[in-house]
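Colleague: Below you'll find the structure I mean.
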Amino acid sequence: MKVWIVHDSTFGNGKSLAEAMAEVFRQQIEVGIGHIKKITPRDVANDKPNLIIVGTPVRAFSTSFASKMWIRGLKRQLREVNHIIPLGMVFLTHAMPKKMVEIWGKRFHKILDRGIAIAEVYPGWLSGRVKDTQGPLEEGTTENFVHTAKQLLENMVK
Ligand SMILES: Cc1cc2nc3c(=O)[nH]c(=O)nc-3n(C[C@H](O)[C@H](O)[C@H](O)COP(=O)(O)O)c2cc1C
């Protein structure tokens, strides 16, 4: 079994959340992790993972264009290798209160969920709020991501 976690982190907050989750999965399954500028959709599709997690920052009142393009590319590559990823999940890092970014969280979820390439997407989105543009993350954020990763892993290996 394999999970891929990709992110579009600039200041390292999304990267550290991705790493915290990767550590959980690594205890029982194979993990691929990286920045979307370094990991191509083809790399991930060829691996035929069981779970895909995509993280994006909210910048200028939107999720990153690059992460949306990356998801589009992933779906195209999945069609080519004839693979459906059973489960997906999204997370957002943001400075504004969670309530104010809810709309972009929902939209980003929908972007991953649309079509048949990813069979099911974990409900909602994980919030990684930063106290300031460059961080740090709000207290309890990493713990929350670790908790969710543990839940996902439990469901995958049972
Ligand atoms: C140019 C710029 C625009 C931003 N616009 C927003 C915004 O509209 N809403 C928001 O919640 N955060 C905004 N932020 C804060 C980013 O969400 C934050 O820097 C990022 O999530 C941190 O994650 P990272 O360390 O992984 O890059 C902005 C940051 C930058 C640099």
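Colleague: Would you confirm, using the coordinates I've provided, whether GLY128 is surrounded by fewer than 19 Cβ atoms within 10 Å (Cβ to Cβ) and either at positive phi or within 17 Å of the chain's Cα centre (by Cα) (or both)?
Modeller: Working: surrounded by fewer than 19 Cβ atoms within 10 Å (Cβ to Cβ): no; either at positive phi or within 17 Å of the chain's Cα centre (by Cα) (or both): yes.
Here the answer is no, as GLY128 does not meet what is asked.
Colleague: In the range 133-141, is there at least one residue being assigned to a helix (DSSP H, G or I) and either over 15 Å from the mean Cα position of the chain (by Cα) or polar (S, T, N, Q) (or both)?
Modeller: yes
Colleague: Follow-up question, since we're still on this one. Report the residue count in the range 64-93 for those that are within 20 Å of THR142 (Cα to Cα) and either touching a Phe, Trp or Tyr at 6+ places or on another chain (Cβ under 8 Å) or away from the ligand (no atom under 16 Å from the Cβ) (or both).
Modeller: Counting residues in the range 64-93 that are within 20 Å of THR142 (Cα to Cα) and either touching a Phe, Trp or Tyr at 6+ places or on another chain (Cβ under 8 Å) or away from the ligand (no atom under 16 Å from the Cβ) (or both) gives 5.
Colleague: Considering each of PHE11, PHE108 in turn, give the residue that is in a loop (DSSP other than H, G, I, E, B), aromatic (Phe, Trp, Tyr) and either open to solvent by 20 Å² or more (accessible area, probe 1.4 Å) or out of contact with any Gly (no Cβ under 6 Å at 6 or more places or on another chain) (or both).
Modeller: Going through PHE11, PHE108 in turn, just one is in a loop (DSSP other than H, G, I, E, B), aromatic (Phe, Trp, Tyr) and either open to solvent by 20 Å² or more (accessible area, probe 1.4 Å) or out of contact with any Gly (no Cβ under 6 Å at 6 or more places or on another chain) (or both): PHE11.
Colleague: While we're on this one: Could you count how many residues in the range 16-56 are assigned to a helix (DSSP H, G or I) and not polar (S, T, N, Q)?
Modeller: Adding up the residues that qualify gives 16.
Colleague: Scan the range 1-26 and report the pairs whose first residue is of a type in the set (D, E, K, R) and whose second residue is more than 16 Å from the ligand (Cβ to nearest atom), with Cβ atoms within less than 7 Å and a gap of 6+ or a chain change.
Modeller: Pairs found: LYS2/ILE29; LYS2/GLU30; LYS2/GLY32; LYS2/ASP47; LYS2/PRO49; LYS2/ASN50.
Colleague: Provide a single number: the residues in the range 78-103 that are assigned to a helix (DSSP H, G or I) and open to solvent by less than 30 Å² (accessible area, probe 1.4 Å).
Modeller: Of the residues in the range 78-103, 2 are assigned to a helix (DSSP H, G or I) and open to solvent by less than 30 Å² (accessible area, probe 1.4 Å).
Colleague: I'm trying to understand the selection: among the residues of the range 10-34, which are more than 18 Å from GLU143 (Cα to Cα) and over 11 Å from the mean Cα position of the chain (by Cα)?
Modeller: THR10, PHE11, GLN28, ILE29, GLU30, VAL31, GLY32 - these are the residues of the range 10-34 that are more than 18 Å from GLU143 (Cα to Cα) and over 11 Å from the mean Cα position of the chain (by Cα).
Colleague: Hey, can you tell me all the residues within the range 48-63 that are away from the ligand (no atom under 16 Å from the Cβ) and either small (Gly, Ala, Ser) or crowded, with 18+ Cβ neighbours inside 10 Å (or both)?
Modeller: PRO49, LEU51, ILE52
Colleague: Go through the range 131-158 and report how many residues are hydroxyl-bearing (Ser, Thr, Tyr) and either open to solvent by 40 Å² or more (accessible area, probe 1.4 Å) or within 20 Å of MET69 (Cα to Cα) (or both).
Modeller: 2
The values are calculated or read from the model by the stated rules, or taken from the named source; none is laboratory data. Keep in mind it's a predicted model, so treat the numbers as computed, not measured. A quick note on method: Cβ atoms are made from the backbone with ideal geometry, for glycine too, and the neighbour counts reach across all protein chains shown. These area figures cover heavy atoms from the full protein model, side chains too; ligands, DNA and RNA do not enter into them. Shrake-Rupley method; radii C 1.70, N 1.55, O 1.52, S 1.80 Å.
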